[in-house]
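In what follows, a single structure is set out as structure tokens and then discussed.
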Amino acid sequence: MSSILIIVFLPLLAAIIAGFGNRALGNTVAKSITTGALFVSCVLSWPIFLGFLGGTATAEVVQVLTWVRSGTLTFDWALRVDTLTAVMLVVITTVSALVHLYSWGYMDEDPDQPRFFAYLSLFTFAMLMLVTADNLVQMFFGWEGVGLASYLLIGFWFRKPSANAAAIKAFVVNRVGDLGFMLGIFGTYLVFNTVSIPAILEAAPAMSGATIGFLGYRMATMDVLCILLFIGAMGKSAQLGLHTWLPDAMEGPTPVSALIHAATMVTAGVFMVCRLSPMFETAPVALAVVTFIGAATCLFAATVGTTQWDIKRVIAYSTCSQLGYMFFAAGVGAYGVAMFHLFTHAFFKALLFLGAGSVIHAMHHEQDMRYYGALRKEIPLTFWAMLAGTLAITGVGIYWLHAGFAGFHSKDAILEAAWGRGTELGRFAFWMGTIAALLTSFYSWRLMFLTFWGKPRWIESEHIQHAVHAGHDEPEDHNPARQEDSGHDVTHAVPPPEYRGGTGGYHPHESPVSMLVPLGVLTLGAIFAGFVFTDAFVDSETFWAGSIYYNEGLIHELHEVPLLVKLAASIVMLLGLTAAWFAYIKDTSIPEKAADQLGPIYHFFYNKWYFDELYRYVFLKPAFWFGRVFWKAIDMGTIDRFGPNGAAWLVSKGSVAAKRFQTGYLYSYALVMLLGLVAAITWVVF
Amino acid sequence: MGFPILTFLLLVPLVGAIACLFLGERTARITALVATSVNLVLGLLLWANYEVGGAQWQFVERSEVFAGFSYALGIDGIALMLIVLSVFLMPICILASWDAIRTRVGEYMSAFLFMEVLMIGVFAAQDIFLFYIFFEAGLIPMYLIIGVWGGDNRIYASYKFFLYTLLGSVLMLIAMLWMVNEAGTTDIPTLMQYDFDPSAQTWLWLAFFASFAVKMPMWPVHTWLPDAHVQAPTAGSVILAGVLLKLGGYGFIRFSLPMFPEASAQFVWLILGLSMVAVVVTSLIALVQHDMKKLIAYSSVAHMAIVTAGLFAFNVQGLEGAMVMMLSHGLVSGALFLCVGVIYDRLHTREIDRYGGLSINMPRYALFFLFFTMASIGLPGTSGFVAEFLSLAGVYEVSSWATLVLTTGIILGAGYMLYLYRRVAFGVQRNEDAAAMPDLTAREWVMLAPIAAAVLWMGVYPESFLAPMRADIATLEARLATAAPQGDAELVIGEPAAHGANYIEGSLGAEGAH
């Protein structure tokens, strides 16, 4: 199975060629090379996955190169392929290949296309290194590599100040998580004397009762290690507290959001917890933390998602929320279920993002849903794709038939596992998840209704006005000269007084074939991924084949939960749909009234629970303030003043002419050295 | 082997230095380039012929001068790597000065070649007084380079440089005299195995510390560095950051640790404490700088703090990490100063705000700058990561607190470097003159590309660099083992839990037995 070498390194090769070839190669060649490479990787990945599905493949490790040998701390470049990796392989290569293809259309008018495609392929390589890691350090390599690619792609339109700020924010906030990850690796090495994942997982159960000193306290060893590692996962997967970078990351081009900030990179944290699941199972406190953070995030992000106007930000918060589901599923011990949701989510969330991109493309780079409306007839194929995505994320399905869209299978399984776990924390997670599911249904349908139903409100959009006044209605959103003015007024907490609007003479166009094909493929995924793979992901211990901790008792309990629990997700889905229908179709004055009525709560949600403001005053401003104080008051005001400057002052006071000192110091220095040597020689000789 | 390669490594630049004094501008440049290139080849030959796993001291040359003072050269793996770093950076420095230096070119090239002689001498010396001469004299060409070819405030900068250095070197010399008297030899390898009385060690250690801490530089004796860097010409900064800052670390690993192990253990917390302060304080200071060189200078102090912390972790990972950090920082910060030099040569300002949007008119430059920025913040795959990771892993075995504080450097480092990069390379082109700057010339490309290759090599396959040093570090670790401090992460094995935390006694589980 050395095809894994091709799968992983072909995207790197393509990235290097396209990146360095850049303008010399030309757009078409660069795009063909990268896209072709990804399709090859994708085609090679599916047989591996199907091999594990069919039970014919076995796990293996392909050694590539020695990396570091330092005492007993040794790790190599190696590619590990087992069931868990195979699942990630198909997710990454499939979505990445489709996003590459989609970008042909979406980025068509961008002057910097080779660079964009090179970054996309580089990202894919780093992500593949992450999921094939056989030791924690290579996982960290992939972890930081995807961070770099994410930084570069968020800031792809580097002329825009907001994109640059978002890129730096993403990198730095992730580094906060990486601090935990690194400490976790150090601690793991200290305890197990290895960083090899299989060796750690094997030795972990024996350490479950051990204690260790950490920051002066004595703590349960495995809890400390797992919490430290989980902090890394929180950063990458945008969990509560370290989530602030993800919504801002929407500054990047939409295909990037679909690939990195929905389907793959942000799920790396979930992957890490699942990969290390036998280790986490020895750490009850750490698992409680995972469950709690996951449950809290899924609700938090959903509340914010209900109030945002930017179509991409709604989907971003939705991603954050869905990642919370995956984490609490892992926290209660249902790792297979967490991976299942990761798998289905990758398809339907990528679909929603690419669909949103298609809408944005049609609406001349306008992202504010207040200026959408009635697009159902204008861009019907996009509409149907988005509808499939919405049905998938809200979990539409019929329980008695065991048939539904992708999210129906995976989200229901998560809620059932949380309930079935039987602990108070499990119940807490269940309720959080259920309320979040209600909100998910509400904001997803709100998005659909605002975008595709109602009357056109396009005329009020600056982007649309620009398009119309410029005398053409072809989207040319990526013209760099226009990047500066794409920031729009988001201070309006409520939609314009009435949806008087109008088309303003603008005619949205359906996207080109290169964008519609990926939408079509992902639509199939959003419809069938759940139905087809439930048995393998949730119920089959042989499918996982030891690559994750398989909790047979919990899976049994999962199937035995009360009927109402099983129906909970479907019930709240209908409630959310109904509420959204009333508010955005039936009586469109409701949202405004509700916002007025719920004033403080609305503003709290609309302003994302004020996390950004909090961090600005607690971390950012003090960092710069302290920097200035340390520089001016300590370095210059104290050390220099009493050190070298003070010495100079003393010297000049001591009647030695300062001028002589300034010009003569070299000689005096040489003299001191010479005298010293003479003294030395004298000492030794006599 | 019979060929006195170390002597030749000293002779070639020495002859070149003397020749340059009498040559015209153009011939001086070419002479310097040829001399440094020959030395690079000699350095690579040295590396190729160094026998990994062979004798501890190789290429030994010794001739008695008088009264126990001898011209003794010889290298171990640690010295080898630092010599290779020096000879690698020198031709690049000459190239960097090619057009930038227009006055007294012959003297300038001569100063650089003299400096190369002295730097290689420091790492190759096996006699303690020979070491002292090289160690202290190596700074004289640097004073001249800053003082003659430096910026507007060069006198103040070189004065500060001088004052700080003077303080340490006098104390170190006295300590050396005492040691030679006590042990009866000037031979460094012998001294490295000599057991000094622990109470005397304390004083000796402090005397050496005074010198090495300044050279490092450690907080709070670091304030000469930003001024020296800002005033020095580009190549001067490269050598200052690339090699001269390594003298302190080399001093610690060659003298303080092996010669005074007990005293070193006694002062672990002094070193760790100063390192922790340095990482946090200088990183925050770097965040608010307006001057590119000052920013990178402060970042150097933070990186060197990782070196000192790693050295005083008393274990293999810490020592190897510190060594890799020295090599890595030598390459990366040298390259970053070159990157500053490239645009300084075009616009003659180091003000960050005078630039912006350089990705547009200088895409190749932006790519190199990005790469070295990422190496500086320790992205895995670059040398910076291997350095940081090993050092901090070593420190963790001593103290989790110290590791936590030192590791915040990865957050702050990302903050100030990316903020710098954003202001220089991203954004719109605010200034017309900056927007009109042409991309890298072939000469600049030749300067930066080899460093980038080396950084990548050290990041992906550091074994090439670790292997020669392995035996020496192991020897040092063995010598330190008895004095090594107790870590705070003591592991106590308890009764393992019977089941996973989420284990449920399921009926299916019972049935599953069949």
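Which of (1) in contact with a helix residue (DSSP H, G or I) (Cβ under 6 Å, 6 or more places away or on another chain); (2) in a helix (DSSP H, G or I); (3) within 23 Å of B:R443 (Cα to Cα) does B:E107 not meet, given it meets every other one?
(1)
Might you let me know whether region B:347-354 holds any residue that is buried (at least 19 other Cβ atoms within 10 Å of the Cβ) and either free of Cβ contacts under 8 Å to residues at least 60 places away in the same chain or in contact with a Gly (Cβ under 6 Å, 6 or more places away or on another chain) (or both)?
Taking every residue of region B:347-354 in turn, none turns out to be buried (at least 19 other Cβ atoms within 10 Å of the Cβ) and either free of Cβ contacts under 8 Å to residues at least 60 places away in the same chain or in contact with a Gly (Cβ under 6 Å, 6 or more places away or on another chain) (or both).
Among the residues of region B:206-227, is any away from chain A (no Cβ under 14 Å) and farther than 19 Å from B:A137 by Cα?
yes
Quick check on B:V170: is it within 9 Å of chain A (Cβ to nearest Cβ) and either surrounded by fewer than 20 Cβ atoms within 10 Å (Cβ to Cβ) or in a loop (DSSP other than H, G, I, E, B) (or both)?
Against the criterion (within 9 Å of chain A (Cβ to nearest Cβ) and either surrounded by fewer than 20 Cβ atoms within 10 Å (Cβ to Cβ) or in a loop (DSSP other than H, G, I, E, B) (or both)), B:V170 qualifies.
Select from region A:535-555 the residues that are among the polar types (S, T, N, Q) and either part of a loop (DSSP other than H, G, I, E, B) or at pLDDT 90 or above (or both) and list them in ascending order.
Listed by number, the residues that qualify are A:S540, A:S547, A:N551.
Among A:V29, A:V40, A:V68, A:V61, which is aliphatic (A, V, I, L, M), farther than 26 Å from A:A86 by Cα and out of contact with any Ser or Thr (no Cβ under 8 Å at 6 or more places or on another chain)?
None of the others qualify; the one that does is A:V29.
Looking only at helices (runs of 4 or more DSSP H) that lie completely in region B:275-372, which have at least 3 residues being on the phi < 0 side of the Ramachandran plot and touching a strand residue (DSSP E or B) at 6+ places or on another chain (Cβ under 8 Å)?
B:316-347
Residue by residue, here is whether (1) more than 24 Å from B:F255 (Cβ to Cβ); (2) in contact (Cβ under 8 Å) with a residue 12 or more places away in the chain holds:
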site: B:F8; (1), (2): yes, yes
site: B:P13; (1), (2): yes, yes
site: B:V41; (1), (2): yes, no
site: B:A55; (1), (2): no, no
site: B:R62; (1), (2): no, yes
site: B:I78; (1), (2): no, yes
site: B:V84; (1), (2): no, yes
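Give me the helices (runs of 4 or more DSSP H) completely within region A:1-108, filtered to those with at least 2 residues that are among the small types (G, A, S), under 24 Å from the mean Cα position of the chain (by Cα) and farther than 26 Å from B:L456 by Cβ, ordered by residue number.
A:83-106
Regarding B:V279, is this residue touching a Gly at 6+ places or on another chain (Cβ under 8 Å), surrounded by fewer than 24 Cβ atoms within 10 Å (Cβ to Cβ), within 14 Å of chain A (Cβ to nearest Cβ) and among the β-branched types (V, I, T)?
Taking the combined requirement at face value, the residue does not satisfy it.
Show the residue pairs that are 6+ apart or on different chains and have beta-carbon atoms under 8 Å apart, the first residue being within region A:541-552 and more than 12 Å from chain B (Cβ to nearest Cβ), the second being among the hydrophobic types (A, V, I, L, M, F, W, C) and buried (at least 22 other Cβ atoms within 10 Å of the Cβ).
A:F543/A:F52; A:F543/A:F537; A:W544/A:L84; A:A545/A:F52; A:S547/A:L84
Among the listed residues A:F20, A:F75, A:F39, identify the single one that is within 14 Å of chain B (Cβ to nearest Cβ) and either surrounded by fewer than 21 Cβ atoms within 10 Å (Cβ to Cβ) or among the hydroxyl-bearing types (S, T, Y) (or both).
Residue meeting the stated conditions: A:F20.
Quick check, is B:N361 surrounded by 24 or more Cβ atoms within 10 Å (Cβ to Cβ), polar (S, T, N, Q) and modelled with pLDDT under 95?
no
How many residues, within region A:505-559, are more than 27 Å from the chain's Cα centre (by Cα), closer than 22 Å to A:Y102 by Cβ and among the β-branched types (V, I, T)?
1
In the list B:I145, B:I120, which residue meets the criterion of being at pLDDT 85 or above, more than 19 Å from the chain's Cα centre (by Cα), of a type outside the set (S, T, N, Q) and assigned to a helix (DSSP H, G or I)?
B:I145
In region B:53-92, which residues are surrounded by fewer than 13 Cβ atoms within 10 Å (Cβ to Cβ), within 14 Å of chain A (Cβ to nearest Cβ) and either of a type outside the set (G, A, S) or in a strand (DSSP E or B) (or both)?
Matches in region B:53-92: B:E64, B:F66.
Any residue at all in region B:13-34 that's modelled with pLDDT under 95, outside any helix (DSSP H, G or I) and within 14 Å of another protein chain (Cβ to nearest Cβ)?
For region B:13-34, residues modelled with pLDDT under 95, outside any helix (DSSP H, G or I) and within 14 Å of another protein chain (Cβ to nearest Cβ): absent.
What is the one condition in (1) farther than 24 Å from B:R423 by Cβ; (2) more than 15 Å from the chain's Cα centre (by Cα); (3) assigned to a helix (DSSP H, G or I); (4) within 14 Å of chain B (Cβ to nearest Cβ) that A:L130 does not satisfy?
(2)
Going by the conditions given, is B:K246 among the basic types (K, R), crowded, with 23+ Cβ neighbours inside 10 Å, more than 16 Å from A:P644 (Cα to Cα) and touching a residue at least 24 places away in the same chain (Cβ under 8 Å)?
Yes; evaluated as a whole, the condition is true for this residue.
Can you find a residue that is farther than 22 Å from A:A126 by Cβ, of a type in the set (K, R), assigned to a helix (DSSP H, G or I) and within 12 Å of another protein chain (Cβ to nearest Cβ) anywhere in region B:413-428?
Yes: one or more hits.
The values are calculated or read from the model by the stated rules, or taken from the named source; none is laboratory data. Bear in mind that the values here come from a model prediction, so they are computed numbers and not experimental data. So basically every Cβ, Gly included, is an ideal-geometry build from the backbone, and we count neighbours across all protein chains shown.
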